[in-house]
1. Working carefully through the options Val111, Val89, find the one that is of a type outside the set (Lys, Arg), more than 30 Å from Asp27 (Cβ to Cβ) and within 10 Å of ligand 1 (Cβ to nearest atom).
2. Collect the residues in the stretch 111-153 that are aliphatic (A, V, I, L, M) and in contact with a strand residue (DSSP E or B) (Cβ under 6 Å, 6 or more places away or on another chain), keeping them in residue-number order.
3. Going by the structure shown, is Asp116 part of a helix (DSSP H, G or I) and either β-branched (Val, Ile, Thr) or away from ligand 2 (no atom under 16 Å from the Cβ) (or both)?
4. Find all pairs meeting these conditions: Cβ atoms under 7 angstrom apart; at least six residues apart or on different chains; first residue within the stretch 119-130 and within 15 Å of Leu149 (Cβ to Cβ) and in the same structural domain as Phe146 (by TED's automatic domain parsing); second residue more than 16 Å from ligand 2 (Cβ to nearest atom) and in a strand (DSSP E or B).
5. Tell me yes or no: at least one residue of the stretch 120-131 is modelled with pLDDT of 90 or more, away from ligand 2 (no atom under 14 Å from the Cβ), under 20 Å from Glu58 (Cβ atoms) and not in a loop (DSSP other than H, G, I, E, B).
6. Taking interchain pairs and intrachain pairs at least six residues apart, which have beta carbon atoms under 9 angstrom, with the first residue in the stretch 89-117 and under 19 Å from Arg77 (Cα atoms) and the second more than 9 Å from ligand 1 (Cβ to nearest atom) and hydroxyl-bearing (Ser, Thr, Tyr)?
7. What number of residues within the stretch 83-112 are surrounded by 15 or more Cβ atoms within 10 Å (Cβ to Cβ), within 16 Å of ligand 3 (Cβ to nearest atom) and farther than 15 Å from Phe126 by Cβ?
8. Any idea which of Asp80, Asp116, Asp142 is surrounded by fewer than 17 Cβ atoms within 10 Å (Cβ to Cβ) and within 21 Å of Gly34 (Cβ to Cβ)?
Amino acid sequence: MGLPTDATTPEAVGDAANAERVEEVLDRLRESGGRATTSRRILLTALFEEGPHHTAEELAIEVQRVAPDVHLSTIYRNLDELERLGVVVHAHLGHGPATYHLASETHGHLVCEFCDAAVEAPEDFFAELMDAASKRYNFTIDPRHFAVLGRCAACAQASLETPTN
Ligand SMILES: [Zn+2]
Ligand SMILES: [Zn+2]
Ligand SMILES: [Zn+2]
């Protein structure tokens, strides 16, 4: 057969690969002097499995499914600690609470003010703006921290189709 020997189905990659990545992060955590507690392991698993853009409260619900005695305040403390250790970063996508990303999976965001749809844009997408801010104002933009707000294609289309008079 023409398939490479290391071919894996997407399903096979799923949980086992996530578990491995969680262990890698926990190793890094220990190396930087952090403790790999059970609640942190569960929290990281939720971050890897649920994808980005989850608030602390949403992550708490996921963690509490497995460990009901982990309080929201512990989740906040753990997120702070993971952020300090460079494992996790937060982003503000709009008016709501911050959402959390693994530091290895960050990107910028274009968020629709009308329907909250988020487009993920790689950091190089912001390169010209970062360059201009640096040259003109000697200002260093962090494109991962705040979203650029506007109107998505679907909402722009809908506003054209809705007569205003
Ligand atoms: Zn994101
Ligand atoms: Zn912030
Ligand atoms: Zn929209």
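1. Exactly one residue qualifies, and that residue is Val111.
2. Let us first name the residues in the stretch 111-153 that are aliphatic (A, V, I, L, M), namely 111, 117-119, 121, 127, 129-130, 132-133, 141, 147-149, 153.
Result: Val111, Ala118, Val119, Ala121, Ala147, Val148, Leu149.
3. Numbers: part of a helix (DSSP H, G or I): no; either β-branched (Val, Ile, Thr) or away from ligand 2 (no atom under 16 Å from the Cβ) (or both): yes.
Answer is no for this residue.
4. Val119/Leu110; Ala121/Leu110
5. Going residue by residue through the stretch 120-131, those that are modelled with pLDDT of 90 or more are 120-122, 124-131.
Those left that are additionally away from ligand 2 (no atom under 14 Å from the Cβ): 120-122, 124-131.
Cutting the leftovers down to under 20 Å from Glu58 (Cβ atoms) gives us 120.
Still in the running and not in a loop (DSSP other than H, G, I, E, B): 120.
Within the stretch 120-131, one or more residues are modelled with pLDDT of 90 or more, away from ligand 2 (no atom under 14 Å from the Cβ), under 20 Å from Glu58 (Cβ atoms) and not in a loop (DSSP other than H, G, I, E, B).
6. Val89/Tyr100; His90/Tyr100; Ala91/Tyr100; Pro97/Thr55; Ala98/Thr55; Thr99/Thr55; Tyr100/Thr55
7. Result for the stretch 83-112: 3.
8. Working: Asp116 fails: within 21 Å of Gly34 (Cβ to Cβ); Asp142 fails: within 21 Å of Gly34 (Cβ to Cβ).
Of the residues listed, the single one that is surrounded by fewer than 17 Cβ atoms within 10 Å (Cβ to Cβ) and within 21 Å of Gly34 (Cβ to Cβ) is Asp80.
The values are calculated or read from the model by the stated rules, or taken from the named source; none is laboratory data. Just so it is clear, the structure is predicted and the values come from calculations on it, not from any experiment. Neighbour counts are summed over all protein chains in view; Cβ atoms, including those assigned to glycine, are modelled from backbone coordinates with ideal geometry.
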